[in-house]
Every structure is written in C-alpha cells, then in structure tokens.
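Enquirer: Before I ask anything, here is the structure I am working with.
The values are calculated or read from the model by the stated rules, or taken from the named source; none is laboratory data. Fair warning: this is a prediction, and the values are worked out from it, not measured in the lab. Glycine also receives a Cβ, built like all others from the backbone with ideal geometry; neighbour counts cover every protein chain displayed. SASA here: full protein model, heavy atoms, side chains in, ligands and nucleic acids out. Shrake-Rupley method; radii C 1.70, N 1.55, O 1.52, S 1.80 Å.
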Amino acid sequence: MRPELVLQLTIDGLLLGGVFALAALGLNVIFGVTRIVNLAHGNIVVLTALSAAIAFQRFGITPIEGLPVAMVGGALLGVIIDRLILRRLPEDAPTAETTSLLLTFGVSYFLVGLSLAIFTGDFRSVAYLTGSWLVGPLSIGKSRFLAFAVAIVIAAMLGVLLRSTKIGRALRAASQNLDGARACGVSIDRMRTLSFGLGSAIAAAAGALLSMIYAVNPDSGSQFTLIAFSVVALGGLGSYAGALLGSAILGLAVSFVGFFGNTQLGAMMPYVVFILVLLFRPSGLLGKSVA
Amino acid sequence: MIAKRAGYAVLALLFVVLLLAPLSGNGYIVSLCYITALFVALAYGWNLISGYAGYLSFGQITFFGIGAYAVAIGVTRFHLPWYLCAALGGVACAALAVPMGWLMLRLRGPFFALGMLGLAQTARILTNLTPISGGSEGIYLPPGANAIAAYYWTLAIMVGGVVLTAAIDRNAFGLRLRALREDERAAGTLGVDTTRSNVQAFVLSAIFPALLGGGYAWYLTYVEPNSIYSTEIELQTVAMAILGGMGTLWGPLVGGLIMSQVSESLSTRFPQTHLMIFGALIVVLLIALPRGIVPAVAAFLKKRGIA
C-alpha cells in the first residue's frame, strides 16, 4: 500500500469523522438529559441532508447558506417529538423506557416514509465546491474540508454554550443529577424540551454538512442513529475528546473499508462498529454526559 | 365464563375459516389469508422476546431473511424440497440464536434494540454482497402452485405460535420471563438464571421468523435483499403486537388479525406512504391504548363481572 494513499484515506476519514462527531454531539445532549434512546435521531440527519440536496439542485441554495434554516427546522422537529409525542406517554404505560423506545421507533419510520414520499428512494448529495486543493501528493476536497471546518465551529459553539451560559449550566446539571438540578431550581421539564430542540438542531446541521460529502437516501437514517450511538459509546458519554476520537475511528473505518472493499461495505461499518463497541464495552454508554 | 366460552367459539370458527377459505381457489382470498397468518405468526414470535421477556428486538427480520434464503438457495442450487430447506433454515437460526443471544442479551434494554437493528442492516448488506445469494438481483424460484403449500405451512406455524405461547403463559418458564421483565436483578436474586431464560426466549422467537421466511420465499417465488430484509415487515409485526397487547397470549392474534386487513387495504391504496402510516399508527396506538386491545378488553369485562 502506498503511504500517500494511506495518508489520503486517513485525511478523508478524519474529515468525514468531524461531521459524524457533530451528529453524535447532538445525540449526546438529548441522551444525557433525558436518557431516552431516540431512534429518530439519524432520520433527522438524513431528512435534512436530503432537503439540502433538493434546495441546492432546485434553488441553488448552498448547504452553508441553508444552515440556519436547517437548524431551526431540526429544533422544531425535536421539540415536536418531545412535546407532542414523548410527553403524551400515558400514566398507565407498561414501562417508560420500553414505551419511549417504541415511540421513537414509530417516529423513525414515519420520517423514513415521509422522506420516501417527498424525495423518493434515490441517493442524493450536493455537488457544491467540487474541486480540491493539492497539497503535495494529496488532494483535499474543498467541500469535505468546509463541512469539517463548519462542523468543528458548531461543536465549539455548543461547547461554549454548555460551559459558559446559564442555560448550558442548567442542561449539564440536569444531565448529571436530575434531583439535584431540580432542587437548585432548574426546570427539568424545560431542560428536556430544550435538549431535544438543541440536539435535533445540531443533528440537522450535521445533515446539511453531510450532504456535501456523503450521498444518502431515506433508508440511511438508522445508519446515522447508530453512528451517533457508536461515537458516544466509543468515547464514553463523557468528553468532547472522547466524542472526537470515536468519530475519527468511525470516519476512518468508513473511508478505508469503502476504498478497499466497496461503498456498501463502508456503509456497513457503522453497524459493525456499533455491535463490536457494545459487545466489548457494554457499559460504554453509562458514563457521564457532555450536556 | 360466558365470555370465555364465546371466545373459544370465535377462535374455533376462525380456525375453520382459515383452514378452509383458501380451498375456494380464489387468489385474492388465498393472499389475504396468507398475509394474515404470516403476520399473526410473526407477531407471536416477536412477542416471546419482546413481550414476555421484555427485550425489544427490531432485528428479528434477520432470521426471516436467513430462512428465506435457505429456501431460495437450497431449492435452486441443491434441488432440495422447499419444506426441508425451510426446516433447515429454522434449525440453523435456532443454532445461530444461541451464541447471538448470549452476546446481545448482555446489553441493557434499549441497546439490545439498537444492536439488533444494526444486525439486521448488516445481514441485509452482507446478503447483497454474497454471490451465492444472487446479490441485489436476487434469486427466482421455480413458479407453480406454491401459494397453497406455503399458506398451510404458515398457518401451521401460526397455530404452533398460539399453542407455544399458551403453554409459556401458564408454565414456570413464562413466569421466569415475566419476573425478569419486571425486575431482572430481583428475579436473579430469587434464583432465576437470567441469561439462560432470556437466551431461551430469544432462540424460540428466532425460530418463528426463520420458518416463516422459508415459506415466504416459496410463496413469492422471488427473493431479493430489500424485500426480504424488509423494514415494512418488521415495522408491521411490531405494530400488530402493540395493537393487540405485548406480553399477552391473545394480543398477537387480535392485533395481527385486525392490522393485516388494514395493511392489505393500505398497501393497495397508498403503496408509497406505507411506512409513514404504520410509523404514525404505532405512535398513536401507544398514546391512545398503551397496553393494547386485549388487556383493555379484559379489564372492561372484569369490571362488568362477565369474565
């Protein structure tokens, strides 16, 4: 194997990993506060990516320009999932965990069906900034780099929000100790909705950026749900560093396997990594949360 | 008592109808009966691991797929009779489910569900890439009078599902499963071998989709990864068990009977939006009727003092 090729695939994988990290950070905020496994998370990523592809193709709106709209849309979707669906969980439901899992399962397939009805089953991506920079023997895709850079900026902004604002502190408190946070006057009710809104807005941002570098169809949703959970499991529910490391591993797996095998095997990697991670670290998801 | 007798009478009538209706030779009736029996039986299989044992699995379609390909490959490449291949598929899945269950059931509830979802996707992609399975082009089976044979195979499995569940509903194994579902740690403390019981439930619930998948391949006379490892089938099975009542003896039957008729009319009228409608249906059902029809009716009858 030529060393330049290895380096090239490594760079491609790491840049892709940056976008995966963003999707995972969104999930981390939701799961950290609510402990709800939201199976529809990846569908929000995919729905936004497909919308971004259509917006570019029909109206020439680039994913970067559309980013604010995408994030608002994602936030709305997250708030709807929490307020209109998960909150309606009746008192006599068998167990909250089972029922909320089934509810998000239903929402997830509702979104797959909706995406299929709107966008058909075709794989789509955005042909924006198709050129690349040549650095010695390596070529760095402009769109890939841009998506990565914006993802990192949004992740950093989320970090600042969580660490240095009042709302961020309340979110982190809620994810660390619900009763303690409640005792300090944090409205858990509001934090729950906020975490769904914020986490889904970030998932939507990841989707818009993803559309520049990775083709998806409506069925790809579960892939991104599992990518997000794998990243969280690999890195532990703890740190940004862990999340970035986890995403790097997944990005590399998709990039290398996609090149040496084929794209289908590459698309299988998130599932395989997820199962392996859980088998070797069944408690990987039980650490502390970022939010 | 009256309600119970009426219930058994309806059950007997239903069985006679399902047994005799396809003899009319009407293609539409055969397909309606087949879809009904298929989904009721699938719901019984899913109910064992997800209803009784309380481990939601969104990946039972994996075993359905293996069963279907066992028949497709066995019949076309090795010229074996289809029912032998279907039975072998069932045996293979039972054997596969032991180590798989032992590994996966160590995961806590929601992560088991995610893991099984991942497994089903992995199986679909691998099938797509394996030459012997015909890849994305699929495999055509010899056409002919397959539908009736596949139907009675499916009906027999459905009856097996009812009988097995009735036994489990009453015996110590069922009691152990329910104890584990309510509180795994407490049940373990009281001497229930948690892993063993859960793996047993997992193996049983894998055999059903495996055998049914075999019949499905013979019924359709064509297999292809996307239509066999079908998210629609998985989604509908789950919706039916929820509608009837998860973890109950009659839930899968009631849910399956109602929902398969709904599904049949929906898929002809709105083929595009099938997933959307079933996804929404699950959400609405869980909010409106979280325990399903059977427990709701039982509670109603008890209140009136009929049952």
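Enquirer: Out of all the residues in segment A:40-86, which are closer than 28 Å to B:Ala53 by Cβ and without any contact (Cβ under 8 Å) to a residue 40 or more places away in the chain?
Expert: Across segment A:40-86, the qualifying residue is only A:Ile85.
Enquirer: A further question on this structure: Out of B:Thr165, B:Thr154, report the one residue that is away from chain A (no Cβ under 14 Å), touching a residue at least 60 places away in the same chain (Cβ under 8 Å) and over 24 Å from B:Thr221 (Cα atoms).
Expert: B:Thr165
Enquirer: Something else now. Give the residues of segment B:28-41 that are in contact (Cβ under 8 Å) with a residue 24 or more places away in the chain and either closer than 16 Å to B:Glu264 by Cα or surrounded by fewer than 15 Cβ atoms within 10 Å (Cβ to Cβ) (or both), sorted by residue number.
Expert: Selection gives B:Val30, B:Ser31, B:Leu32, B:Cys33, B:Tyr34, B:Ile35, B:Thr36, B:Ala37, B:Leu38, B:Phe39, B:Val40.
Enquirer: Let me ask something else about it. Given the residues B:Val238, B:Val262, B:Val294, which is the only one that is within 14 Å of chain A (Cβ to nearest Cβ), surrounded by fewer than 22 Cβ atoms within 10 Å (Cβ to Cβ) and under 20 Å from the mean Cα position of the chain (by Cα)?
Expert: B:Val294
Enquirer: A follow-up question, please. Would you check if A:Ile85 is within 14 Å of another protein chain (Cβ to nearest Cβ) and crowded, with 18+ Cβ neighbours inside 10 Å?
Expert: Against the criterion (within 14 Å of another protein chain (Cβ to nearest Cβ) and crowded, with 18+ Cβ neighbours inside 10 Å), A:Ile85 qualifies.
Enquirer: Against the conditions (1) within 25 Å of B:Phe58 (Cα to Cα); (2) open to solvent by 10 Å² or more (accessible area, probe 1.4 Å), where does A:Phe256 fall short? Just the number, please.
Expert: Going through the list (1) within 25 Å of B:Phe58 (Cα to Cα); (2) open to solvent by 10 Å² or more (accessible area, probe 1.4 Å), A:Phe256 breaks only (1).
Enquirer: From (1) facing another protein chain (nearest Cβ under 10 Å); (2) farther than 23 Å from B:Ala123 by Cβ, pick out the condition that doesn't hold for A:Leu279.
Expert: All conditions are met except number (2).
Enquirer: Which one of the conditions (1) buried (at least 24 other Cβ atoms within 10 Å of the Cβ); (2) in a helix (DSSP H, G or I) does A:Leu14 fail to meet, given that it meets all the rest?
Expert: Only one criterion is unmet by A:Leu14, namely (1).
Enquirer: Could you check segment A:59-71 and list, in sequence order, the residues that are part of a helix (DSSP H, G or I) and open to solvent by less than 50 Å² (accessible area, probe 1.4 Å)?
Expert: A:Pro63, A:Gly66, A:Leu67, A:Ala70 - these are the residues of segment A:59-71 that are part of a helix (DSSP H, G or I) and open to solvent by less than 50 Å² (accessible area, probe 1.4 Å).
Enquirer: For segment A:217-260, which positions are more than 14 Å from the chain's Cα centre (by Cα), within 14 Å of chain B (Cβ to nearest Cβ) and at pLDDT 80 or above?
Expert: Passing the criteria: A:Asn217, A:Pro218, A:Asp219, A:Ala253, A:Val254, A:Val257, A:Gly258, A:Phe260.
Enquirer: Out of B:Ile282, B:Ile287, report the one residue that is at the interface with another protein chain (Cβ under 10 Å from one of its Cβ atoms), aliphatic (A, V, I, L, M) and touching a Lys or Arg at 6+ places or on another chain (Cβ under 7 Å).
Expert: The match here is B:Ile287.
Enquirer: Which one of these is more than 21 Å from A:Gly251 (Cβ to Cβ) and not polar (S, T, N, Q): A:Arg144, A:Arg169?
Expert: From the options A:Arg144, A:Arg169, the qualifying one is A:Arg169.
Enquirer: Considering (1) part of a helix (DSSP H, G or I); (2) more than 14 Å from chain A (Cβ to nearest Cβ); (3) surrounded by fewer than 24 Cβ atoms within 10 Å (Cβ to Cβ), say which one B:Ser227 fails and leave the rest.
Expert: Here B:Ser227 clears every test but (2).
Enquirer: Which pairs have Cβ atoms under 8 Å, sit 6 or more apart or on different chains, and link a residue in segment B:185-214 that is under 29 Å from B:Thr237 (Cα atoms) to one that is assigned to a helix (DSSP H, G or I) and of a type in the set (Asp, Glu)?
Expert: Note: pairs meeting the criteria are B:Thr194/B:Glu184.
Enquirer: Of all the residues that make up segment B:155-212, how many are among the hydrophobic types (A, V, I, L, M, F, W, C) and more than 29 Å from B:Tyr34 (Cα to Cα)?
Expert: Matching residues across segment B:155-212 total 11.
Enquirer: Name the pairs whose Cβ atoms lie under 6 Å apart, with the first residue in segment A:23-37 and on the phi > 0 side of the Ramachandran plot, the second assigned to a helix (DSSP H, G or I) and open to solvent by 10 Å² or more (accessible area, probe 1.4 Å), and 6 or more positions between them or separate chains?
Expert: Sorted first by the residue in segment A:23-37, then by its partner, the list stays empty.
Enquirer: Sticking with this one: Examine segment B:92-101 for a residue that is surrounded by fewer than 24 Cβ atoms within 10 Å (Cβ to Cβ), within 14 Å of chain A (Cβ to nearest Cβ) and aliphatic (A, V, I, L, M), and state whether such a residue exists.
Expert: Scanning segment B:92-101 turns up at least one residue that is surrounded by fewer than 24 Cβ atoms within 10 Å (Cβ to Cβ), within 14 Å of chain A (Cβ to nearest Cβ) and aliphatic (A, V, I, L, M).
Enquirer: Looking at A:Phe56, A:Phe20, which one is closer than 30 Å to A:Val135 by Cα and surrounded by fewer than 23 Cβ atoms within 10 Å (Cβ to Cβ)?
Expert: A:Phe56 is the lone residue from the list that is closer than 30 Å to A:Val135 by Cα and surrounded by fewer than 23 Cβ atoms within 10 Å (Cβ to Cβ).
Enquirer: Can we say A:Thr95 is under 30 Å from B:Ala288 (Cα atoms), open to solvent by 40 Å² or more (accessible area, probe 1.4 Å) and within 14 Å of chain B (Cβ to nearest Cβ)?
Expert: Yes, satisfied.
Enquirer: Pairs under 6 Å by beta carbon, first residue away from chain B (no Cβ under 14 Å) and in contact (Cβ under 8 Å) with a residue 24 or more places away in the chain in segment A:111-137, partner of a type in the set (Val, Ile, Thr) and open to solvent by less than 80 Å² (accessible area, probe 1.4 Å), six or more apart or different chains?
Expert: A:Tyr128/A:Thr62
Enquirer: Given the structure, is A:Leu77 facing another protein chain (nearest Cβ under 10 Å) and either crowded, with 17+ Cβ neighbours inside 10 Å or closer than 23 Å to A:Leu194 by Cβ (or both)?
Expert: When the stated conditions are applied, A:Leu77 does not pass them.
Enquirer: In the list B:Ala120, B:Ala149, which residue meets the criterion of being crowded, with 22+ Cβ neighbours inside 10 Å, hydrophobic (A, V, I, L, M, F, W, C) and part of a helix (DSSP H, G or I)?
Expert: Just a single option satisfies the conditions, and that option is B:Ala120.
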